[in-house]
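**Student:** Please find one structure pasted underneath; my questions will follow.
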Amino acid sequence: MNQYHFHCQAIRRILSSLLTVVACMTALPVPPAQAEPDRLVVYSGRAERLIKPLLDSFQAKTGVQVDLLSSGTTEVVNRLQAEGARTPADLLITNDAGSLERARELGLLRPLTAPDIAAAIPAQFRAADNSWIGLSGRFWVVVYNTTMIKPADLRSLLDLAEPRWKNKIAIPNAGSEYLQAGISVIKTVYGDDRTKQFLEGLKANAGTQVYGKSSQIVEAVAKGQVALGVVNHYYVYRYLATQPGAPIAVLMPDQHEGGMGAIINVAGIGITTHTKHADSARRLVEYLVSEEGQKQFADLNKEYPLHPRVAADPALPPYKTTRIAPVPLTKLGELREPAMALIEQAGLR
Amino acid sequence: MNHTATVKPALPNSLSLVAVTVVGLLCLPLAYVTHMALTADAAIWSRLWTTRIPELLFNTTALALGVAAGTLLLGVSLAWLVSRREFPGRRIWEWALVLPLAIPTYVLAYIYSHLLGAGGPVESAWQMLAGPDGHLPSPHSYAGVTLVMTLDTFPFVYLLTRAAFLNLNVSYEEVARACGASRTGTLFRIMLPLMRPAIVAGLSLVVLYVVSDFGAVSLLRYQTLTYAVYQQITGRYDPTAASILSLLLVVVALIFLVAERWFRQQSRFFQTTGRYRAPARRPCSPLGTALATIYTIGVFAASFGIPALLLIQWSLSAIASGAVDVRFFGFVWNSAFLSSLAATVAVLIGLPLAYLASRRPSRLNLLCLQAAYAGYVLPGPVGALALLAIVSHLAPFWYGTAAVLVIAYVVHFLPAGLQSMEPALQQVTPNLEEASRSLGFGTAATLRHVTLPLVRDGFIAAWVLMFLQSMKELPATLLLRPVGFDTLAVRVWLEASEEYYQLAAPSALLIVIMTIPAILLLLSKDWRAA
């Protein structure tokens, strides 16, 4: 019978030595984040290549190291909430005012009193208490293949639900914050029934052409897999910048007399409630809203800079003459849940 | 040497206690998902039933059936070819046909998305024949996913069937032939029915793999339960719907796991005597040689050759444009660090479980071992969902750290490791240890000179297996990775899903290169989960 006990002993010895190894390995890579003042952690819902160049130039300019976690917008908000006071994040960047507003309601962002930031970004692109600040604007537009349809074929986003577009459109999936924000606006303007009808038509027309990324929708339209897609405008212009001859163009929807107006949203930033590096975090926000930072949003990303003195790319539809849907960005937070309920009822993927 | 063989009155149950605790922790994620799903609002259940569930169940089942049919065709025919016919290069193809296992599904999916996609090389070639308006069906479809998954998983069926062909008693064939059955008749009426258990075991494995795959379905945008769970987790604030779909997925996976085990039991008993001699390989006729060579090369090229060449070509141009920089080596380090940590922890955890089950096969200890297999039915996104919820309630301090990711790997991949640790320990008879003790060796000396050398190979195999699987793991890593802790797999997926194929290539190539020797090493052991 002693072989059992003998083995217990032996196994304990192995276990303890291996545990020591594991303990050493675990101790190694833990970054002493709290000890260094000049190091920021940014949670971002934007695609890495749309935000990293800006953070890199901030880092080069100030010497403050910026670590980036790039993932889905909803996912990073969920993560921030779950981590609570222990979060390593100092800043939250998302693609969508609704998610920022939700983070504010959950108490994840801290209000900011900063006159220079207020001066740089017009009030309609900020939270009421400045707990999030818009960085760049984007319109939810229709991208179409110029060899397949003419711009006169379509006037409003809601036309996309018509049966004539069956198997001809590409849409983002139900988890997309642009879609959720867009539906929030349509629901406010047209009411539940009309919105639901729209969603059902959209679902039927898109079929399997449901995408996780806007860049894929633009690609599908450019290659003629579908005739139309709904995306944020800058994905189209970024694509055109790399593939100048691509047969795609932007159609700004709902511009007709009495129309709803185009759906606008912003990418924005907020400093987390539990940051331990509030000063450095603030410097990053100041950099991103400065003329230098805003110019990068305009030049690199083809977004609309929000700073009044920075001009957008001349290829873009001029912001001033665009008719815009009358739903304030700060309302997008509270509109989110009911809009998602409609999306789910319609059974979008 | 003075070794006193005093035996301490050790706590007899302390190790069992450890085992029970460990198993309890391993099963927690499964229990949690079940709990969340069953306590969910009935309205959410009914909404999902009316909108999503029928489509997802249909898609998942259709994909599983399609891939099963494809792998059956490829796996069985190739196994027959290499084990019953002789043609030039047969020895090379015999092992080369295993190589597709080294390519993760997300890598093969993105390569085929390029090859067969609009404007890709295949469509361009087609347009030269059919004119500029010729279009091929998109790979982002049922057919595309089925093709990719079939090419990636047919080696499972191939390997099991080949082993069955080689182990089959040739007397059956000879008797059938002596009684006047044709060769074809013997194959279809005698041999294949005899090998049914092995083939079905391979198919169940394929189906389990398909059902829990995230990489290919996400890149080719085919809606299955696993993909839907991931989308729910990343796109919703409320995890309830995700947990409901997770529970369904667990049930589906469980069905196939039980089926695989059952058929494996069957195949164990089906032949009582070993083969008498190796089956003869019939030489092919010149025409047969040509056909066999074309077929094998075709399958090999589609499933491994062309993808590997493309990866090399893309990697070279990515390296030329400076994509392999300090950051890239950071990702390599992250992958290596996380995977080796997970594999080490899993071996540590598996040791007492396997030990108790083989040395003290009490009901409790055997139950513990079985329960440790729970991770098999927890596809990546489901495990991640459960761990996110559990950690935020029980150990919020760990949230967003590498520890959670390591736990996820351990829960998910320990079963694969146990499959080679358990037999390794079982093969060491206690008599050897007792003999060593009675001949004067002490505890430590016996362990060092007798037990460890005997179990070493099995444990190394287990470690390598779990290391590789952790390195290839995608969905849980995407959901649980800490800040600045992207792994190679995550980079491949992120770049590929934005169609930056060249940027994804170096990471993908590195994964494939690291996996190949290990697959060949493990072939003699347990390749089932590779």
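**Student:** Which residues, counting only those in the range A:36-58, are at the interface with another protein chain (Cβ under 10 Å from one of its Cβ atoms), among the β-branched types (V, I, T) and under 24 Å from A:K213 (Cα atoms)?
**Tutor:** Answer for the range A:36-58, where residues must be at the interface with another protein chain (Cβ under 10 Å from one of its Cβ atoms), among the β-branched types (V, I, T) and under 24 Å from A:K213 (Cα atoms): just A:V42.
**Student:** Kindly indicate the residue of the range B:432-488 that is more than 18 Å from the chain's Cα centre (by Cα), hydroxyl-bearing (S, T, Y) and not in a loop (DSSP other than H, G, I, E, B) and also surrounded by the most Cβ atoms within 10 Å (Cβ to Cβ) among those meeting that condition.
**Tutor:** B:T446
**Student:** Here's a follow-up. When the residues of the range B:160-202 are narrowed to those that are at pLDDT below 85 and among the polar types (S, T, N, Q), which ends up farthest from B:W262 (Cα to Cα)?
**Tutor:** Once the filter is applied, the top-ranked residue is B:S171.
**Student:** Another question, then. Does the range A:207-225 contain any residue that is buried (at least 21 other Cβ atoms within 10 Å of the Cβ), within 14 Å of chain B (Cβ to nearest Cβ), assigned to a strand (DSSP E or B) and in contact with a Ser or Thr (Cβ under 9 Å, 6 or more places away or on another chain)?
**Tutor:** Yes, some residue in the range A:207-225 is buried (at least 21 other Cβ atoms within 10 Å of the Cβ), within 14 Å of chain B (Cβ to nearest Cβ), assigned to a strand (DSSP E or B) and in contact with a Ser or Thr (Cβ under 9 Å, 6 or more places away or on another chain).
**Student:** Being of a type in the set (F, W, Y) and at pLDDT 95 or above is true for just one of B:F304, B:F337, B:F328. Which residue is that?
**Tutor:** B:F304
**Student:** Name every residue in the range B:493-514 that is within 14 Å of chain A (Cβ to nearest Cβ) and either closer than 19 Å to B:Y399 by Cβ or of a type in the set (A, V, I, L, M) (or both), in order of residue number.
**Tutor:** B:L494, B:A496, B:L503, B:A504
**Student:** Still on this structure, please answer the following. Let me confirm something: among B:A403, B:A424, which residue is at the interface with chain A (Cβ under 10 Å from one of its Cβ atoms), surrounded by fewer than 23 Cβ atoms within 10 Å (Cβ to Cβ) and assigned to a helix (DSSP H, G or I)?
**Tutor:** Step by step, each of B:A403, B:A424 is checked, and only B:A403 is at the interface with chain A (Cβ under 10 Å from one of its Cβ atoms), surrounded by fewer than 23 Cβ atoms within 10 Å (Cβ to Cβ) and assigned to a helix (DSSP H, G or I).
**Student:** Sticking with this one: For the range A:269-280, enumerate the residues that are small (G, A, S) and at pLDDT 95 or above.
**Tutor:** Residue satisfying the conditions is A:G270 alone.
**Student:** Which condition number in (1) buried (at least 18 other Cβ atoms within 10 Å of the Cβ); (2) in a loop (DSSP other than H, G, I, E, B) is the one that A:K187 fails?
**Tutor:** (2)
**Student:** Going by the structure shown, is B:G117 closer than 23 Å to B:G66 by Cβ and in contact with a Phe, Trp or Tyr (Cβ under 9 Å, 6 or more places away or on another chain)?
**Tutor:** In short, no.
**Student:** Then there's this: Yes or no: the range B:377-397 includes at least one residue that is of a type in the set (F, W, Y), closer than 30 Å to A:N78 by Cβ, assigned to a helix (DSSP H, G or I) and away from chain A (no Cβ under 14 Å).
**Tutor:** To start, the set of residues in the range B:377-397 that are of a type in the set (F, W, Y) comprises B:397.
Retained after the next criterion (residues that are closer than 30 Å to A:N78 by Cβ): B:397.
Narrowing the set further to residues that are assigned to a helix (DSSP H, G or I) leaves B:397.
Next cut, away from chain A (no Cβ under 14 Å) only: none.
Checked the range B:377-397: no residue is of a type in the set (F, W, Y), closer than 30 Å to A:N78 by Cβ, assigned to a helix (DSSP H, G or I) and away from chain A (no Cβ under 14 Å).
**Student:** Those residues that are among the charged types (D, E, K, R) and farther than 30 Å from B:V145 by Cβ, I need them from the range B:179-206; list them, please.
**Tutor:** B:R183, B:R189 - these are the residues of the range B:179-206 that are among the charged types (D, E, K, R) and farther than 30 Å from B:V145 by Cβ.
**Student:** Scanning the range B:13-40 for residues that are over 24 Å from B:V345 (Cα atoms) and surrounded by 12 or more Cβ atoms within 10 Å (Cβ to Cβ), which turns out farthest from the other protein chains (Cβ to nearest Cβ)? First the steps, then the outcome.
**Tutor:** Kept after step one, since they are over 24 Å from B:V345 (Cα atoms), are these residues of the range B:13-40: B:34-40.
Checking which are surrounded by 12 or more Cβ atoms within 10 Å (Cβ to Cβ) leaves us with B:34-37, B:40.
On the way: B:T34: 21, B:H35: 18, B:M36: 15, B:A37: 17, B:A40: 14 Å.
Per the criteria, the residue is B:T34.
**Student:** So which of A:G45, A:G63, A:G107, A:G98 is in contact with a Lys or Arg (Cβ under 8 Å, 6 or more places away or on another chain) and at pLDDT 90 or above?
**Tutor:** A:G98
**Student:** Please note which helices (runs of 4 or more DSSP H) are completely contained in the range A:59-145 and include at least 1 residues that are within 14 Å of chain B (Cβ to nearest Cβ) and out of contact with any strand residue (DSSP E or B) (no Cβ under 8 Å at 6 or more places or on another chain).
**Tutor:** Because the criterion is at least 1 residues that are within 14 Å of chain B (Cβ to nearest Cβ) and out of contact with any strand residue (DSSP E or B) (no Cβ under 8 Å at 6 or more places or on another chain), the helices (runs of 4 or more DSSP H) in the range A:59-145 that meet it are A:73-83, A:97-105.
**Student:** Condition first: of a type in the set (A, V, I, L, M, F, W, C) and either surrounded by fewer than 17 Cβ atoms within 10 Å (Cβ to Cβ) or over 25 Å from A:P247 (Cβ atoms) (or both). Now tell me which residues in the range A:159-178 satisfy that.
**Tutor:** A:A174 - this is the single residue of the range A:159-178 that is of a type in the set (A, V, I, L, M, F, W, C) and either surrounded by fewer than 17 Cβ atoms within 10 Å (Cβ to Cβ) or over 25 Å from A:P247 (Cβ atoms) (or both).
**Student:** Please state which one of B:Y106, B:Y112 is more than 14 Å from chain A (Cβ to nearest Cβ) and either touching a Ser or Thr at 6+ places or on another chain (Cβ under 8 Å) or in a helix (DSSP H, G or I) (or both).
**Tutor:** None of the others qualify; the one that does is B:Y112.
**Student:** Does the range B:215-233 hold any residues that are outside any helix (DSSP H, G or I) and either β-branched (V, I, T) or more than 11 Å from chain A (Cβ to nearest Cβ) (or both), and which are they?
**Tutor:** The answer is B:T224, and nothing else.
**Student:** Something else about it: Could you count how many residues in the range B:62-103 are in a helix (DSSP H, G or I), closer than 16 Å to B:A302 by Cα and of a type in the set (V, I, T)?
**Tutor:** 2
**Student:** Quick test of your reading of the structure: A:R336 fulfils all but one of (1) more than 14 Å from chain B (Cβ to nearest Cβ); (2) surrounded by 15 or more Cβ atoms within 10 Å (Cβ to Cβ). Name the failing condition by number.
**Tutor:** Unmet for A:R336, out of (1) more than 14 Å from chain B (Cβ to nearest Cβ); (2) surrounded by 15 or more Cβ atoms within 10 Å (Cβ to Cβ): (1).
The values are calculated or read from the model by the stated rules, or taken from the named source; none is laboratory data. Bear in mind the structure is a predicted one, so any value in this text is a computation, not a measurement. Cβ sites come from the backbone with ideal geometry, for glycine too, and all protein chains shown count toward neighbours.
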